[in-house]
Amino acid sequence: MEEKLDRLFHLKERGTTVKTEVLAGLTTFVTAAYVLAVNPSVMSATGMDSGAIFTATALVCFLGTLVMALLTNYPFVLVPSMGLNAYFAYTVVLGMGFSWEVALAAIFLEGVVFAAVSLTSLRDKIFNAIPLNLKYAISAGIGLFITIIGLKNSGLVVSSSATLVSVFSFSGSMADGTFSTAGISVVLFCMGLVITGVLMARNVKGNILLGILITWALGIVCELCGLYVPDAAAGYASLLPDFSNGLAVPSLAPTFMKMDFSHIADLGFLVVSFAFLLTSMFDTVGSLIGLGAKAKLLDDEGNMPGVGRAMGAESVATMIAGALGNSATCCSVECAAGIAEGGRTGLMAITTGVLFLLSMFLSPIFLAIPSFATAPALVIVGSLMASSVLSVDFDDPTESIPAFLCLVGMPFCYSIVEGISLGVISYVCINLLCGKRGKISPMMYVLAVVFILKYVLI
């Protein structure tokens, strides 16, 4: 069996083993499984059936990731985008007034156009046009983006009307009686961060996954001892798996093939589809660059062989999502957790995809893992990816300033696409005004114009 898997996934060639890939896949699943809970919550705000969305989410993750693994043999997992689902629900449906059926049609159309782009040389031109220093910045920026997601999910970093963000107040938590929920969650996160860091420093195999499981176990102990008191209304569920509803899989019928193309000729519909396309395309490009660099899949010039197949897989996954009743997909940045565990091939991705499929039947177990347990993994992985910034040429302002804007744009704007946008526009403008036109490829001019139009039209 190992020999067959080696021939199929080229394990020895990439310096990995079946055990490493499976463990990396499990780690990626545990860190990315929150989409199974978050996505239905966001999408159901449109009136869609939350049970159907849960089933669709699991199926999209499985099918999309399977396509990615078989087409590319890369350790990348496709999941519904946590940014595009919010755009779908709160902007397109609740804000612009489109029905969710029409919004699903826009998702499907975006996938078709994305597939067409993936079949042309345009895909490689877009990927290869981005300068090497920007690619390093994208990788590091994704690391910071993952970190801010982890800190936010842990509860340690909170919003502030005065300073945008602030640190969690333990004294305030004890004063208002929320320490048994929010306070203890932050404490457990801090403990998990230290535990995971120590395991990693000691080179313990499976350190990230062990850190997640140990932190979860500590939370269960706290709940059993009364230190952690579940409060579902406040967003703090029980840490114990709930099998009260059995293992039945929710029906997909309420959302399956419900796309409404009656508005396909409307300008508003086309603008919405374009917004989905633009975000998906550059979210995918950014993730492929960042994760590919971390997995050492880029060549000496910073290009990734087979990037067209990866983008094609993304487009197929998005079409599947529209048909099943879900938001557009993206390459999950949580793949970085599995890559940090040594995942290098499609076997890691398939492992994660199969676990997403099984989650339909064992959702009480997977959904019981709290965000404060997975947050330390995101922070640790973020620190690993941020090391790419050391490769940026900070001696040349025409390279370092755009790279820096790209780097900080991702966490501060809470979007991979916005970071890439700031980096590309500033790179073209600074180098053009400095008389360094030779450094700017024709595609970079096109990308800069597209990003500027995005801000004007969307």
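Filter region 90-100 down to the residues that are modelled with pLDDT of 85 or more and in a helix (DSSP H, G or I), then identify the one that is farthest from V272 (Cα to Cα).
Filtering first and then ranking leaves W100.
Could we say that A116 is under 29 Å from I53 (Cα atoms), in a helix (DSSP H, G or I) and of a type in the set (A, V, I, L, M, F, W, C) here?
So A116 passes the test.
Matching residues to (1) within 20 Å of E341 (Cα to Cα); (2) open to solvent by less than 40 Å² (accessible area, probe 1.4 Å); (3) of a type in the set (A, V, I, L, M):
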| site | (1), (2), (3) |
| --- | --- |
| S166 | no, no, no |
| M174 | no, no, yes |
| G183 | no, yes, no |
| V187 | no, no, yes |
| L193 | yes, no, yes |
| R202 | yes, no, no |
| G219 | no, yes, no |
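Quick one: in region 1-23, of everything that is in contact (Cβ under 8 Å) with a residue 12 or more places away in the chain, touching a helix residue (DSSP H, G or I) at 6+ places or on another chain (Cβ under 7 Å) and of a type outside the set (D, E), which residue is most open to solvent (accessible area, probe 1.4 Å)?
My answer is V22.
Is it the case that region 380-393 has a residue that's part of a helix (DSSP H, G or I), open to solvent by 30 Å² or more (accessible area, probe 1.4 Å) and within 29 Å of F88 (Cα to Cα)?
No, region 380-393 contains no residue that is part of a helix (DSSP H, G or I), open to solvent by 30 Å² or more (accessible area, probe 1.4 Å) and within 29 Å of F88 (Cα to Cα).
Please tell me if V38 is touching a helix residue (DSSP H, G or I) at 6+ places or on another chain (Cβ under 6 Å) and either buried (at least 20 other Cβ atoms within 10 Å of the Cβ) or on the phi < 0 side of the Ramachandran plot (or both).
no
Which residues, taken from region 225-272, are closer than 30 Å to I184 by Cβ and outside any loop (DSSP other than H, G, I, E, B)?
C225, D231, A232, A233, A234, Y236
Specify which of the listed residues (M319, M281, M311) is at pLDDT 85 or above, under 27 Å from V113 (Cα atoms), open to solvent by 10 Å² or more (accessible area, probe 1.4 Å) and in a helix (DSSP H, G or I).
M319
Report the residue count in region 154-182 for those that are part of a helix (DSSP H, G or I) and either aliphatic (A, V, I, L, M) or within 27 Å of the chain's Cα centre (by Cα) (or both).
Counting residues in region 154-182 that are part of a helix (DSSP H, G or I) and either aliphatic (A, V, I, L, M) or within 27 Å of the chain's Cα centre (by Cα) (or both) gives 5.
The values are calculated or read from the model by the stated rules, or taken from the named source; none is laboratory data. As the structure is a computational prediction, the values presented were derived from the model and not from experiment. Ideal geometry is used to build each Cβ from the backbone, glycine not excepted, and the neighbour counts take in all protein chains shown. Only protein heavy atoms, including side chains, enter the accessible area calculation; ligands, DNA and RNA are left aside. Shrake-Rupley method; radii C 1.70, N 1.55, O 1.52, S 1.80 Å.
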